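Reading through the structure tokens given below for one structure.
Each reported figure results from applying straightforward, stated rules to the coordinates on display, with no laboratory input. Every value quoted in this text rests on a predicted model; they were computed, and no experiment measured them. Virtual Cβ from ideal backbone geometry, glycine too; neighbours counted across all protein chains shown.
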Amino acid sequence: MTRIFETPLYPYQRSPDQDAPKCVRHPVVVVGAGPIGLAMAIDLAQQDVPVVVLDDNDKVSFGSRAICFAKRPLEILDRLGCGETMVKKGVTWNVGKVFTDTRETYSFDLLPEGGHKNPAFINLQQYYLEEYLVRRVRELEADGKPIEIRGRNKVAALSDNGGFVRLEVETPEGPYNLEADWLVACDGANSSARRMLGHDFVGKVFEDNFLIADVVMDADFPTERWFWFDPPFNRGQSALLHKQPDNVWRIDFQLGWDIDREEELKPENIDRRLRAMLGDDVEYELEWSSIYTFQCRRMEKFRHGRVLFAGDAAHQVSPFGARGANSGLQDTDNLFWKLKLVLDGTAPETLLDTYSAERTYGADENIVNSTRSTEFITPKSEISRLFRDAVLDLAVDHEFARPLVNSGRLSVPCTYDGSPLNGPDTDALPHGLRPGAPATDAPLDGGWLLDRLGNRFQLLLIGCEGPDSLEESGVDVEVLHLDPAKNPEIGSRYLGGAPKAVYLLRPDQHVAARWVDHDEAAVRAAVRRAIAKG
């Protein structure tokens, strides 16, 4: 059977732009057809924003790469039309276990309550996500939406000319030039767009290396995240085990800093490590292997003129905690609606500065958590190691020590505290749904609340009176009247102890403002603020 990553999914085809008498300009060009670039393009196309995706490849990535997708990114992918497909194919899990040597130190549950459409996490190889996103692009094309992927179109040069971006693109049939009102660079950690514009990362590279081995085997391990400190098969280091679809298992081995990468990647040396862990009688096939180094870095700003950076092109974190692809999808979720409003002339270009402000805030949050995980997993001093080992010993029998065990603080959605777009708040409502926070899912009329939210501004009137529609500063605000008596989970999650509430939600399902009663003038002011006009 031909594997997905061996088949061109968006093969090169000559574009009319290559034969145009003069350089063609597009509203948005996305560089990179990985998960972040495709998500960005789909979000824009669903809003009828014309978008062209350029990629120097013509197929999905090889190897599982990103595999852990958290609840919030799954909610974003629901909006894009492929979340349910991912959950159906993926391995659902919410329990993790931490071991010291062979002894279980403790376990945790990431989604202890019910009443949510999506699980806490699924494991799914990145090449499946990319396949589903390409399929979604084809569906949108068939529906007449303005989206196009150009495979084997490599951006060789670009320049920001103030009012537009100019690109030189190489193809199998020669180069051509292209222009874009806005360019979104989603071309990965080694971003050529970032390099061409002369930008770099700031941050830290940690002195440690980890071997990834994707192994195909029949195994009876449970569907849980298992992490070992100092296991007998990798003494003095750590290891991680995750299950993926198709009997593929992700195994990570900590290697240390001073290693010979070529030697470690030799099949016989990988086999030696796997045999020490799995035993000599286990049959397996090595599907993919790689070595990575912990990095916690980002660009100082994610907007540079008419070029915007997202995903690994903008920031990098260590993989423990699953914050890479998950945070990249939150980048696109934050950017799509702002770019549309600017292109429509509804919002000023300064709205795009808030993309950089909010997502650098999110990147810093990820970097802090990722750095702490890295320093716990790979202590760099004797004092740090003594602390780590004492915590692990205490956590077996003492609950107070378990929150200190850090095998990777797993990805959670970012709340944009302090954002200039945030409007009024009240202490009478649940703290977790303050302005800047993503909306929380709940059952609603036989379906799910989040399936009713997103892609536009919306006003939730929960247990109170108000208008049926609203328009402010060129923005149409959909009004949803919700009865907490008929939907008790919405009442408990959105009201707390208050009898009623009003929530203004952004197109990315984040809370813009909230009140305990409807005040039209206050709502209108909050809408203006949320589009950088207030």
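Here is how the numbers come out for the structure above:
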{"read-out": "Normalised contact order of the stretch 151-279, rounded percent, pairs of Cα under 8 Å and 6 or more residues apart", "value": "16 percent"}
{"read-out": "Bridge type composition, the stretch 431-530 - antiparallel percent by DSSP, nearest 5", "value": "75 percent"}
{"read-out": "Point-to-point label distance, Asp483-Val396, nm (Cα→Cβ direction, 7 Å offset)", "value": "5.7 nm"}
{"read-out": "Overall form of the stretch 94-154 per C-alpha gyration tensor (a/c, 1.5; a/b vs b/c)", "value": "oblate"}
{"read-out": "Taking Glu170, Glu283, Glu520 and counting other C-beta atoms within 10 Å, the order from fewest to most", "value": "Glu283, Glu520, Glu170"}
{"read-out": "Alpha-carbon Rg/Rh ratio, for the stretch 393-534, with Rh computed the Kirkwood way", "value": "1.07"}
{"read-out": "Packing-based exposure ordering (other Cβ within 10 Å, fewest first) of Cys296, Cys464, Cys23", "value": "Cys23, Cys464, Cys296"}
{"read-out": "Inter-centroid distance (Cα atoms) of the stretch 84-136 relative to the stretch 327-388, Å", "value": "21 Å"}
{"read-out": "Charge dipole (debye, nearest 20) of the chain; +1 at Cβ of Lys and Arg, -1 at Cβ of Asp and Glu", "value": "800 debye"}
{"read-out": "Nonlocal amide H pairs with Asp58, under 5 Å, H built at 1.01 Å", "value": "Arg152"}
{"read-out": "Residues with amide H under 5 Å from that of Gln316, placed H, sequence gap 5 or more", "value": "Arg297, Arg298"}
{"read-out": "Cα-centre dipole for the stretch 106-246 with unit charges at Cβ (Lys and Arg positive, Asp and Glu negative), debye to 20", "value": "180 debye"}
{"read-out": "Phi to ³J(HN,Hα) by Karplus 6.51 cos²θ - 1.76 cosθ + 1.60 over the stretch 50-63, Hz, x for Gly, Pro", "value": "x, 8, 10, 9, 10, 9, 7, 9, 9, 8, 6, 6, 8, x"}
{"read-out": "Cα gyration tensor shape of the chain, rounded if a/c is under 1.5, else prolate or oblate by comparing a/b with b/c", "value": "oblate"}
{"read-out": "Shape of the stretch 1-80, Cα gyration tensor, a/c cut at 1.5", "value": "oblate"}
